[in-house]
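Asker: Here it is, the structure, as structure tokens.
The values are calculated or read from the model by the stated rules, or taken from the named source; none is laboratory data. A quick note: this is a predicted structure, and the numbers were derived from the prediction, not measured. Positions of Cβ are generated from backbone atoms using ideal geometry, with glycine treated the same way; all protein chains shown enter the neighbour counts. What goes into the accessible areas is simple: the full protein's heavy atoms, side chains included, and nothing from ligands, DNA or RNA. Shrake-Rupley method; radii C 1.70, N 1.55, O 1.52, S 1.80 Å.
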Amino acid sequence: MYYKFSGFTQRLTGALPTSAYNPQGLRSNIPSESPTIIFATPTKLASESGTAVEYMGTNKVQDLQRIFQASDEIPVHLKRGVPDRLLYRTTMALTVGGALYCLMALYIAAQPKK
């Protein structure tokens, strides 16, 4: 049995297979134009750059693999140096500060009003 949502009664009603797979009047046709490619688009038009096409960035996977797979006793979340340490310490400071603020708010809320 196939069901579809009825906009009139706001309930599920029985339906034919074709209307159940195409609800609310949606058509199942394929668009005539293919969508543009997002990730592999060159930054310049081919006519502007001559023969070579430059893409948006270089592949950094091998460099990052070399950094993260090195066995130098540094935790993974700190492997990239100063920015990682700064983010880690900021996160820890905000966590401790938030916990202290929660405890202070609980203490104030537990005190009777005068």
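Asker: Are there any pairs with C-beta distances below 7 angstrom linking a residue in the range 1-13 that is surrounded by 10 or more Cβ atoms within 10 Å (Cβ to Cβ) to a residue that is assigned to a strand (DSSP E or B) and among the aromatic types (Phe, Trp, Tyr), with the two at least 6 apart or on different chains, and if so which?
Answerer: That search, which allows pairs on different chains as well, returns Leu12/Tyr3; Leu12/Phe5; Thr13/Tyr3.
Asker: Now, a different point. Just to be sure I understand, how many residues within the range 69-99 are open to solvent by less than 100 Å² (accessible area, probe 1.4 Å), of a type in the set (D, E, K, R) and not in a loop (DSSP other than H, G, I, E, B)?
Answerer: Matching residues across the range 69-99 total 1.
Asker: Asn29 - would you say it is of a type in the set (S, T, N, Q) and either part of a helix (DSSP H, G or I) or modelled with pLDDT of 70 or more (or both)?
Answerer: So Asn29 does not fit the description; no.
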